[in-house]
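These notes are about the structure you will find just below.
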Amino acid sequence: PESAGVGGQHGLVLEQYSSQIMSTVKHALTDHDGDDSVSYEGLPQLFISGCEALLLISNKKLIPDPNAMKRMIKSIVPSESDVPYCDYPQGQSAELSLQIKDESLTKDTSSVSLYRVAKLATLAELRLLADTGAIPSPMAAPFIEEIETRKKAIAVNCAALAIDAAHILSAEGLSLSGVVDSDGSKGHTFSSGLTFSCSDDLDPSVKQLMIREWPILANLSADCLSGCIDRDENEDDEAPGALNQWMQKLVPVIFSGLHDSLSVNGGALPQLSNPKETLISCLHGVHAIIDGIARSKGSMIIPSEEVDVVVRALFVAFVAPLIGVSPSDHSQAEGQRSQQKNKSNSVCKEGMNDVVKQCCGLFESLCAARKDGMVVGDEIVKVVLSPLTAFQTGHGSFKDDCVTEVVASSIRASRFLVSSRGLKVGNDISNEHLGKALLPLSVSLLSPNKEVSTPDAVKEQAALLLQDCMNEAIMNVDEMRALAQSS
């Protein structure tokens, strides 16, 4: 609800009590796990509630300035002892510094684990909110700076917790989305993990928190690992090869979570992240991995066949329904189009816009990577061109912001493809052919004679695409005359 403010302006009621809210949240975030702290039953759960409240008030923009944000996050920033760095263990006898040692008669090791998972998961959620624009850059600066300070240690600890959580779910016969595994491939047993020495001694509350937060932990790990691997190799620090080992172990977990969340029909257990949150975290993680590999000019660690499967699945589930394209053969038969448009409405109503944006971002990154010479499969080319083909044949319409986002993103991705050296997909798509094929679409989207005006975001990209296509396409006089007349 809103109330009248000074000068006739309106402000949220919550904003009037923001100082009291922040004080309460800050009290809940008090870390009672220090050596000089007295631990009481329920304090770790209070801390977790404080973390959830911090995320809520950050998302609602109730924290007034970066200095206030810096004070709020002080208790959730892990110390060096909370998140030690270690290489991925080689062999069963390797010592694991990530495992919490029971060295005190007074300290509860389960509470230590809870604090560690909660701190890292909250930082991960804040980072994702910043990356998606929910938290403005100035407000995000304090926690991003803290993450950068111990990036490698945070990366490996988050990876270890996510990997352990995946093993816990598998041992319980569950997929990474928390549903009963139907193919029978899961259900193995294990005695210890990367972050705990004995699975039988793992407190149920710690286990529940780990399996609830694994997607966001994997996301932050992927983001940090990608950034670390991309750094100057001359730095006096851990070898990039050691971090690559963590990345190699993390990637299968993220892709399994991506597949599992796509296959869920709402049957996830309540203590786990819902499929949408898992999907967004995994998509963002894959996006970070692709960008990191491209920046470092490294080799693609994800098989192109796997990329093809994921790209196609995302297109069928989220993009095709929006633009009214049949996912089977890209035809626009009237009955199919009507059915897909109905699905489009349900997708937007279910609040999947964030997922669509993540899909678009991933598609763009894959096209940019392909331009840089990475092998990312051919399916991405077909998927990116499908929305543009729908509009070029007159079957698309800018009925909502989601469609506008998809089309603008497809044009941005197509610009990478048009500029790719030696683009070749089957017998039909090459640089020259693609540039020539997209010229009429660019002109059409920029034409003032259209019955329905093109959104400015699409026009901006269409103008840039037109320039790129003119640079790549080789056209004779008759083709140029026909293009001019079509406008």
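The values are calculated or read from the model by the stated rules, or taken from the named source; none is laboratory data. Not measured: the values here are computed from a predicted model. Using ideal geometry, Cβ is built from the backbone for each residue, glycine included, and neighbour counts are taken over all protein chains shown. Just so you know, the surface numbers come from the protein's heavy atoms only, side chains and all, with ligands and any DNA or RNA stripped out. Shrake-Rupley method; radii C 1.70, N 1.55, O 1.52, S 1.80 Å.
Here are the numbers:
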quantity: Counted residues, the range 371-402 - those being in a helix (DSSP H, G or I) and open to solvent by 40 Å² or more (accessible area, probe 1.4 Å); calculated: 5
quantity: Long-range neighbours under 9 Å by Cβ, at least six apart or interchain, first residue touching a residue at least 60 places away in the same chain (Cβ under 8 Å) within the range 202-226, second open to solvent by 30 Å² or more (accessible area, probe 1.4 Å) and of a type in the set (A, V, I, L, M); calculated: ILE211/LEU269
quantity: Hits in the range 243-274 (condition: among the small types (Gly, Ala, Ser), at pLDDT below 90, crowded, with 17+ Cβ neighbours inside 10 Å and assigned to a helix (DSSP H, G or I)); calculated: SER261
quantity: Long-range neighbours under 8 Å by Cβ, at least six apart or interchain, first residue of a type in the set (S, T, N, Q) within the range 285-308, second open to solvent by less than 40 Å² (accessible area, probe 1.4 Å) and assigned to a helix (DSSP H, G or I); calculated: SER296/ILE229; SER299/ILE293
quantity: Subset of the range 398-443 that is modelled with pLDDT of 85 or more and hydroxyl-bearing (Ser, Thr, Tyr) - its residue that is nearest to ALA463 (Cα to Cα); calculated: SER442
quantity: Residue in the range 291-298 that is in a helix (DSSP H, G or I), at pLDDT 90 or above and farther than 21 Å from MET352 by Cα present; calculated: no
quantity: Extreme residue, most open to solvent (accessible area, probe 1.4 Å), among residues of the range 52-84 that are acidic (Asp, Glu) and at pLDDT below 90; calculated: GLU80
